[in-house]
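Take a look at the structure below.
The values are calculated or read from the model by the stated rules, or taken from the named source; none is laboratory data. A quick note: this is a predicted structure, and the numbers were derived from the prediction, not measured. Cβ coordinates were reconstructed from backbone atoms using ideal geometry, including for glycine residues, and neighbour counts include every protein chain displayed. Accessible surface is based on the protein model in full, side chains and every heavy atom, while ligands, DNA and RNA are left aside. Shrake-Rupley method; radii C 1.70, N 1.55, O 1.52, S 1.80 Å.
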Amino acid sequence: MGLADYDSAVGHSFGLEVDSIVIKQITEVSGLKMEQDVIEYKSNTADGKFVVRKAPGAPKAGEVTLTRGLTSDNSFEKWIKDCRFGKMGDARKGGAIIVYDYEGVPLKRYKLTNAWAKSLEISSLKAGDTSVLTEKLVITYEALEVE
């Protein structure tokens, strides 16, 4: 392996893959986190010393927030509507968040298990404002794995 193999990755763009459809206009991803519970147990050593030991527990579920510019694509709205009306059989999805390099080649995939849309927020609407309108989708998931 050369030194270039250890260079830090720069995320040029991001995508969300759900139902084999990739939405590539994601501008920000926050909250990607792999975490697990800690089991703490207390015991005594053979010579009578008190010891606290820690062991890995069950993995924790999480949430991730995706931000993109507001477009005519209604996939975020459709997903949140399915969740709001309790169609969880349709709403729970497997998918992945993909990090692309500057050439559009996937660097990493973060696989989401049983993900569903928790909330959708549209940025402030103000007449005459020149900033880009955005939508933020918060997705909750049961497990996160790096592929």
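Residue selection: SER119 satisfies the criterion of being open to solvent by less than 60 Å² (accessible area, probe 1.4 Å) and not hydrophobic (A, V, I, L, M, F, W, C). Each residue in the stretch 65-93 was checked for being part of a loop (DSSP other than H, G, I, E, B) and among the aromatic types (Phe, Trp, Tyr), and 1 pass. Going residue by residue through the stretch 66-77, is there one that turns out to be within 30 Å of SER124 (Cβ to Cβ), touching a Gly at 6+ places or on another chain (Cβ under 7 Å) and touching a residue at least 40 places away in the same chain (Cβ under 8 Å)? Within the stretch 66-77, none of the residues are within 30 Å of SER124 (Cβ to Cβ), touching a Gly at 6+ places or on another chain (Cβ under 7 Å) and touching a residue at least 40 places away in the same chain (Cβ under 8 Å). Does the stretch 13-24 contain at least one residue that is open to solvent by 60 Å² or more (accessible area, probe 1.4 Å), farther than 21 Å from ALA91 by Cα, in a strand (DSSP E or B) and not aromatic (Phe, Trp, Tyr)? No, there is no match, as no residue in the stretch 13-24 is open to solvent by 60 Å² or more (accessible area, probe 1.4 Å), farther than 21 Å from ALA91 by Cα, in a strand (DSSP E or B) and not aromatic (Phe, Trp, Tyr). Scanning the stretch 136-146 for any residue that is surrounded by fewer than 14 Cβ atoms within 10 Å (Cβ to Cβ) and closer than 20 Å to GLN36 by Cα turns up at least one such residue.
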